[in-house]
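Here's the structure we're looking at; comments come further down.
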Amino acid sequence: MTLTYTQQILAAKKGMNVAQAEQALKAGNLVLVDVDTAMSNDVTAPVAIDVFESSGCKLCNKDNVTFVLDHFTPNRDIKSAEQCKRVRDFARKEGVKNFFDVGQMGIEHALLPEKGIAKPWAVMIGADSHTCTYGALGAFSTGVGSTDIAGIMMSGKIWLKVPSAIRFNLIGKPSPYISGKDVILHIIGMIGVDGALYKSIEFGGEGVKYMSADDRFTICNMAIECGAKNGVFPIDEITDEYTQVTLGKKYDRFAEPSADAYERVIDIDLAEVPPTVAFPHLPSNTRNVDTLDEDIAIDQVVIGSCTNGRISDLAAAAKVLKGRKVNPNVRTIVIPATNKIYLEAVEKGYVRTFIEGGAIVSTPTCGPCLGGHMGILASGERAVTTTNRNFIGRMGAKDSYIYLASPATAMASAIAGKLISERRLEENK
């Protein structure tokens with residue numbers, strides 16, 4: 001098969017056979033495709049709505065539009081309240097079914113898969129750069145601007161440039177201390193923040209069976225952090241297990257692409273991936289946290305976000321904290337990504353573990369990830385966080401410092417009061 005996973009999805013959407021797709025969907029070609037879901041949030045939706053309403057068009061398909069109020073929600077201030085009201089009023093007026101407000105909302109890139117809106121073979125377009133998350137289920141998903149969402153609201157379609165692709169061939173088995181977050185940070189550190197610029201990064205090999213659905217969501221979520229247009233995992237038994245719960249069905253597999261379908265093939269031995277942390281101020285500035293030769297004191301830990309706020313992430317953090325206390329000098333904030341995840345964390349005792357261990361637990365929100373609320377950093381402060389970006393000023397003051405890590409490493413650091421891996425914390429007991 002000479003078509004990548006991404007090309008196969010676009011070919012299916014266009015009703016093309018392999019021979020037709022090999023010609024029409026060459027890397028760099030422009031293609032007009034139907035969109036299954038156009039998603040925007042409380043930051044990006046108001047702009048899309050303004051553009052849409054100024055066009056005089058009617059909503060093409062109210063069922064393929066999704067609004068999620070999550071970035072500054074529950075409302076941080078009057079401006080954010082007005083933003084949300086704008087979206088809320090429009091959604092009610094137009095009868096938009098997939099509208100998620102306080103009480104029903106969650107962090108968008110965890111909520112859409114949970115609700116069965118994200119699915120294999122779909123074309124998912126979002127006015128948020130981390131829309132690439134849904135490739136974990138075998139979708140083509142990518143982020144665009146608000147005006148592009150307005151265009152989809154008018155037509156139900158979008159023009160795309162077909163990306164070339166890099167294949168990451170996962171081999172071996174990761175150690176018990178390694179998660180999908182470590183894997184994607186390792187990859188970004190290897191190829192750089194522009195190493196896959198406007199390319200599809202696609203994952204295969206025997207090692208994918210060790211990557212859970214949650215690991216895959218994390219990995220695809222951060223595809224944009226190495227410049228990728230999208231990230232895609234194969235549709236397999238792990239996908240089946242997830243979609244049986246969310247959609248009550250299984251989906252057809254991709255045909256396995258040949259090596260010459262790819263611009264480049266890179267082997268990743270999962271057994272050699274270390275506990276990895278991205279140091280300020282780029283996701284590519286990665287280091288093996290077990291080999292640090294200095295103590296880096298920290299002020300705050302955040303466990304959550306669209307990258308690592310799922311139940312397995314909270315389970316990993318709770319396992320590290322159980323029977324311990326966070327360092328009194330470290331503000332530790334845990335944010336379940338959706339209400340369903342929050343409730344499951346309550347039922348499994350994780351929330352009790354967090355609170356008894358000295359952490360706080362927040363309602364689902366993007367909050368601190370983008371420097372919105374629920375954990376802004378002051379001048380000179382250092383945070384270890386499970387979010388996806390550590391640019392200058394991302395979480396607060398321009399001279400604050402962000403270290404990206406897995407939930408286990410983040411919680412171990414909260415306990416130790418300094419940057420440390422779960423493995424080293426256990427060794428130092």
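The values are calculated or read from the model by the stated rules, or taken from the named source; none is laboratory data. Please read these numbers as outputs of a predicted model, since none were measured by experiment. All Cβ positions, even for glycine, are placed from backbone atoms using ideal geometry, and neighbour counts span all protein chains on display. Protein only, heavy atoms only, side chains kept; ligands, DNA and RNA dropped before computing areas. Shrake-Rupley method; radii C 1.70, N 1.55, O 1.52, S 1.80 Å.
Taking a straight Cα-Cα cut-off under 15 Å and skipping sequence neighbours fewer than 8 places away in the same chain, the aspartates and glutamates within cross-link reach of K161 are E22, D34, D148. When only Cα pairs under 8 Å and 6 or more residues apart are kept, what is the percent relative contact order across region 51-201? Value for region 51-201: 20 percent. Binning the C-alpha pair distances of region 60-185 at 10 Å intervals from 0 yields a P(r) profile of 11, 36, 32, 15, 6, 0 %, listed from the shortest bin outward. Percent of C-alpha pairs per 10 Å bin in region 209-325, short distances first: 9, 31, 36, 18, 5, 0.
Under a model in which nothing but the beta-carbon of Lys, Arg (+1) and Asp, Glu (-1) is charged, region 252-314 shows a dipole of about 280 debye around its Cα centre. One way to sum up the overall shape of region 273-429 is the equivalent ellipsoid from its Cα gyration tensor, whose semi-axes run 21, 19, 14 Å, largest first. Just the protein heavy atoms count here, and of the accessible area of the chain at 1.4 Å, carbon and sulfur take up 50 percent. Across the chain, the relative contact order, built from alpha-carbon pairs under 8 Å that are at least six residues apart, equals 17 percent. The simple Förster model, with R0 at 45 Å and r as the Cβ-Cβ distance, assigns M190 and E53 a FRET efficiency of 0.50.
With r as the distance between the Cβ atoms of E272 and D295 and R0 = 25 Å, compute the FRET efficiency 1/(1 + (r/R0)^6) and round to 0.05. The formula returns an efficiency of 0.45 here.
In this calculation the C-beta distance from E82 to D399 is compared with R0 = 35 Å, giving a FRET efficiency of 0.70. Applying a DSSP loop filter and a limit of 15 other Cβ atoms within 10 Å to the trypsin sites (Lys or Arg not before Pro) in region 244-280 leaves K249, K250, R253. Based on alpha carbons, the Rg and Dmax found for region 119-250 are 14.8, 49 Å. In the chain, helical runs assigned H by DSSP with n ≥ 4 each contribute -39500 (n - 2.57); averaged across all residues and rounded to the nearest 500, the mean residue ellipticity at 222 nm is -9500 deg cm²/dmol.
Computed over protein heavy atoms with a 1.4 Å probe, the accessible surface of region 143-221 works out to 32 Å² per residue.
Taking every protein chain into account, the accessible area of region 231-354 amounts to 46 square angstrom per residue (probe 1.4 Å).
Entry comment: accessible area of region 65-127 is 38 Å² per residue, from protein heavy atoms only and a probe of 1.4 Å. Over 31 Å apart at the Cα level, from the set K319/K340; K173/K249; K79/K181; K115/K229, are K79/K181. So what is the diffusion coefficient of region 371-421 in µm² per second by Stokes-Einstein at 37 °C and 0.692 mPa s, using a Kirkwood Rh over Cα pairs? The Stokes-Einstein estimate is 298 µm²/s.
For the pair region 350-410 and region 62-95, the centres of their Cα atoms are 24 angstrom apart. Measuring only protein heavy atoms, the 1.4 Å probe finds T286 accessible over about 40 Å².
Counting only protein chain heavy atoms and rolling a 1.4 Å probe, the accessible areas of D63, D194, D101 rank, largest first, as D194, D63, D101. Taking the three principal axes of the alpha carbon atoms in the chain, the coordinate ranges are 61, 51, 40 Å, sorted in descending order.
For R76, the solvent-accessible surface with a 1.4 Å probe is about 120 Å², rounded to the nearest 10.
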